[in-house]
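Inspection log for the structure reproduced underneath, given as structure tokens.
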Amino acid sequence: MKMTKVLITGGAGFIAHHLIGQILSTTDWEIVTLDRLDYSGNLNRLHDLMLSFDPEVRKRVKVVHHDLKAEMNPLVCSEVGQVDYILHLAAGSHVDRSIDYPMEFVLDNVVGTCNILEFARKQTDLKRFIYFSTDEVFGPAPDGIKYKENDRYNSTNPYSATKAGGEELAVAYQNTYSLPIYITHTMNVFGERQHPEKYIPMCIKRIRDGETVTIHSDSTRTIPGSRHYIHAEDVASAVLFLVDKTFIETNYGGAKCPKFNIVGSEELNNLELAQIIADAQGKELKYELVDFHSSRPGHDLRYALDGSKMKELGWEPAKSVKERIAEVTNWTLENERWITL
């Protein structure tokens, strides 16, 4: 009997390696991960993850090296083979770097997406292609506003603009070639083995060391920025919830490409978040509110997504954000090499 096979782009990245773990734990699927192993990709993530599985399970994962800025040539296509699902997570995702090097992000997030969509067109029995987009395509959210899946775009930096570009390509390939594509938006994902420059690992390290934590705030330096944080395990469970289900949009002018917001259960401002991390360590929080947005445009004070669609379909995060943050803090302190650059 043919084994189900899934291709995950960017498999050595932070979110993707958690997704690989859940697939290994909950299915018998074969996994091919496509990665170029650059700034974001780290095979040590996969190595550490694999230690929790027996050797027979590990054999279900195959790593193929390829940079999606280039088309997938016949040799790479042969290495991957025919697949049932494609989960496209590979992307440049560092906002600061996108501001300094926008063309790099056009190549990674727009050209790279087009190349994987072209590969998808060659599949004989593709059941689902999921494109991972971001809350940032909608831009900053005023107080009281949470963006729904089909709201307008307002990209405020090259990263979000190129993710929006890749998203529109995915929509076009659904409309033009009838590929079975879903789009997800998620935001501020955290968890074990995250890059140490990200906000939560950075806070864990600085609080551990008694250093001052910088809190992104408004121009008055009194209102902290806020986000809906979500654990990577919850993102993975949402993807597996969606991947083999059929949803048909019934509005939005006949749009055929369903979109889904994967959102944490509650909104936290960055000061509240830092305090949770400090409490988990039993340490005092030393902090400074800084108006980073005014000094460097492209960093927005508040993002917010409406997660009601996924909840109505029957999915929501397994645990509270506060519980997850405490778990990640404790795990990170026990595995300190992941916050050491």
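The values are calculated or read from the model by the stated rules, or taken from the named source; none is laboratory data. Note that the coordinates shown come from a computational prediction; the quantities given were computed from them, not determined experimentally. So basically every Cβ, Gly included, is an ideal-geometry build from the backbone, and we count neighbours across all protein chains shown. Calculation scope for accessible area: heavy atoms of the full protein, side chains included, ligands and nucleic acids excluded. Shrake-Rupley method; radii C 1.70, N 1.55, O 1.52, S 1.80 Å.
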TODO: Please give the peptides 112-119, 6-13, 93-100, 49-56 ranked by average Cβ packing (other Cβ atoms within 10 Å per residue), highest first, as a rough proxy for protection.
DONE: 6-13, 112-119, 93-100, 49-56
TODO: Could you please state, rounded to a whole Å, how far the C-alpha centre of the stretch 57-130 is from the C-alpha centre of the stretch 172-204?
DONE: 14
TODO: Report, by chain and number, residues whose modeled amide H sits under 5 Å from the one on L285, excluding near sequence neighbours (fewer than 5 apart, same chain).
DONE: none
Task: Solvent-accessible heavy-atom area per residue, rounded to whole Å², over the stretch 211-261 at 1.4 Å - done: 43
- [ ] Apply the Karplus parameterisation 6.51 cos²θ - 1.76 cosθ + 1.60, with θ equal to phi minus 60°, to every residue of the stretch 237-243 and state each ³J(HN,Hα) to the nearest whole Hz, in sequence, with x for glycine and proline.
- [x] 5, 5, 5, 5, 5, 7, 4
Task: Long-range amide H partners of I262 with built H, under 5 Å - done: H185, T186
TODO: List the residues whose amide H sits under 5 Å from the amide H of T33, counting only those 5 or more places along or on another chain, with H placed 1.01 Å from N in the peptide plane.
DONE: I8, K62, V63, V64
- [ ] Give the Kirkwood hydrodynamic radius (Å, one decimal) of the stretch 1-145, defined as one over the mean of 1/r across all pairs of different Cα atoms.
- [x] 16.2
- [ ] Order these peptides, 228-240, 151-163, by their mean beta-carbon neighbour count within 10 angstrom, highest first.
- [x] 228-240, 151-163
Task: Karplus 3J(HN,Hα) series, Hz, for the stretch 159-169 with 6.51 cos²θ - 1.76 cosθ + 1.60 (x for Gly, Pro) - done: 4, 5, 5, 6, 5, 5, x, x, 5, 5, 4
Open item on the list: If I take the Cα coordinates of the chain and project them onto the principal axes, what are the three extents in Å, biggest first?
Closed with: 57, 50, 40
- [ ] Mark the label point 7 Å from the Cα of E312 along Cα→Cβ and return the residues of the stretch 238-273 whose backbone N is within less than 13 Å of it.
- [x] 248-252, 259-261
Task: Integer Hz, Karplus 6.51/-1.76/1.60 couplings in order for the stretch 213-224, x for Gly and Pro - done: 9, 7, 10, 5, 9, 7, 5, 7, 6, 10, 10, x
Task: Accessible surface of the chain, 1.4 Å probe, proportion on carbon and sulfur as whole % - done: 51
